[in-house]
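Step one of this worksheet: look at the structure below.
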Amino acid sequence: MEHTDISAIRALLSAKPRPVGWGQRRERLDEIGSVWPAAGDVRLSSVDLDGIPGEWSLVPGSDDSRVLLFFHGGGYCSGSIVSHRRMVTEAGRAGGMRTLAVAYRLAPEHPFPAASEDALTAWRFLRRHGITAGHIVVGGDSAGGGLSLALTMKLRDAGEELPACLWLASPWTDLTMSGSSLITKDPDDPLIHKGYLQELANAYLGGHVDPGDPQVSPLFGKLTGLPPMLIQVGSAETLLDDAVRLAAAGGEADVAVTLQIWPHMIHAWPLWNARLESGRQALESAGNFFRTHLRGLA
């Protein structure tokens, strides 16, 4: 059944030609990410995060004093609250918590450090509104995973309180594209290929940032002192090595790392949790991780 389910998602992804241009790419990701909308019991509300659009979600029975701060994927150039709504709202359900999805500024119109600045603004918004650091999970998929990690490193360097834990789903952590799985997994991955990633990285870096800078490639940064992190990645994705190397580097830095490699899964597969059993299972596992590490949870 699982092979049938993932085959259906692969068919969805290949149903149309790959889009060309930033506008078409953004429309396509919104389209494929929102095939299955948020569940009917999810309460959604828009919020202004000091000039940055955001969206709260809450399901019945969840604790609104605990928040998943979520940064969507899309290579820093696409993705939105709409494309990732089903994923983030179901992650919140699994963790029994409220979620805050952030529509950070996108490249190439807004290259680095715009997304990084917006991530910090969203964090400060939560803290200013009385959410304690230990009641916050910071997470995201793909570029959003890298952004989550870079934000937490910035907070640590500033001597600030850190989130309870990190959730990194198919994280893009190396903009130098040095991972071997970019080559070995290329035939298996229907979404992410090295040439495409290079185009995204060029747009995000704006021609003036070293792709090896830890602010954009947190794999190469100092990981000591970071909170526990859950890294989830599919065995059939080109960014497998970004996740595996991050887990090893975190372990060497004495960070409590949980690495999950999901057989046959593709990049950011929890997006399609409404159709994919492994997507639901991954979110349930993430929710259990959140509950374990949220401080003060009875």
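The values are calculated or read from the model by the stated rules, or taken from the named source; none is laboratory data. Fair warning: this is a prediction, and the values are worked out from it, not measured in the lab. When we count neighbours, we look across all protein chains shown, and the Cβ atoms used for this are built from the backbone with ideal geometry, even at glycine. Note: areas computed on protein heavy atoms with side chains; ligands, DNA, RNA excluded. Shrake-Rupley method; radii C 1.70, N 1.55, O 1.52, S 1.80 Å.
Before moving on, here are some points about what is shown:
- The condition of being at pLDDT 95 or above, within 19 Å of residue 197 (Cα to Cα) and among the charged types (D, E, K, R) holds for only one of 284, 252, 237, 277, that being 237.
- Scanning the stretch 193-208 turns up no residue that is within 21 Å of residue 271 (Cβ to Cβ) and in contact with a strand residue (DSSP E or B) (Cβ under 9 Å, 6 or more places away or on another chain).
- Test for residue 96: is it buried (at least 23 other Cβ atoms within 10 Å of the Cβ) and either more than 25 Å from residue 157 (Cβ to Cβ) or among the β-branched types (Val, Ile, Thr) (or both): no
- Residue within the stretch 238-253 that is surrounded by fewer than 16 Cβ atoms within 10 Å (Cβ to Cβ), not hydrophobic (A, V, I, L, M, F, W, C) and not in a helix (DSSP H, G or I) present: no
- Selection count, the stretch 73-89, where residues are under 15 Å from residue 44 (Cβ atoms), open to solvent by less than 30 Å² (accessible area, probe 1.4 Å) and of a type outside the set (A, V, I, L, M, F, W, C): 4
- Search result, residues across the stretch 111-141 that are closer than 22 Å to residue 22 by Cα, open to solvent by 10 Å² or more (accessible area, probe 1.4 Å) and not in a helix (DSSP H, G or I): 111, 112, 113
- Checklist (1) touching a helix residue (DSSP H, G or I) at 6+ places or on another chain (Cβ under 6 Å); (2) farther than 27 Å from residue 175 by Cα; (3) open to solvent by 20 Å² or more (accessible area, probe 1.4 Å) applied to residue 108, failing item: (2)
- Looking across the stretch 208-226, just one residue is open to solvent by 10 Å² or more (accessible area, probe 1.4 Å), within 23 Å of residue 294 (Cα to Cα) and under 19 Å from the mean Cα position of the chain (by Cα), and that is 226.
- The lone criterion from (1) open to solvent by 30 Å² or more (accessible area, probe 1.4 Å); (2) of a type outside the set (D, E, K, R); (3) closer than 28 Å to residue 216 by Cβ; (4) within 18 Å of the chain's Cα centre (by Cα) left unmet by residue 56 is number (3).
- Taking first residues from the stretch 9-29 that are farther than 13 Å from residue 272 by Cβ and partners that are of a type in the set (S, T, N, Q) and not in a helix (DSSP H, G or I), the Cβ contacts under 6 Å between residues at least 6 apart in sequence or on separate chains come to 25/78; 26/78.
- Matching option when the condition is of a type in the set (D, E, K, R) and assigned to a strand (DSSP E or B), among 31, 55: 55
- Neighbours by Cβ (under 6 Å, 6+ apart or cross-chain): first from the stretch 237-248, without any contact (Cβ under 8 Å) to a residue 60 or more places away in the chain and at negative phi; second open to solvent by 30 Å² or more (accessible area, probe 1.4 Å) and outside any helix (DSSP H, G or I): 238/185; 238/186; 247/257; 247/259
- Qualifying residue in the stretch 24-46 (condition: open to solvent by 40 Å² or more (accessible area, probe 1.4 Å) and within 19 Å of residue 165 (Cβ to Cβ)): no
- When the stretch 77-105 is filtered for residues that are without any contact (Cβ under 8 Å) to a residue 60 or more places away in the chain, in contact with a helix residue (DSSP H, G or I) (Cβ under 7 Å, 6 or more places away or on another chain) and in a helix (DSSP H, G or I), nothing remains.
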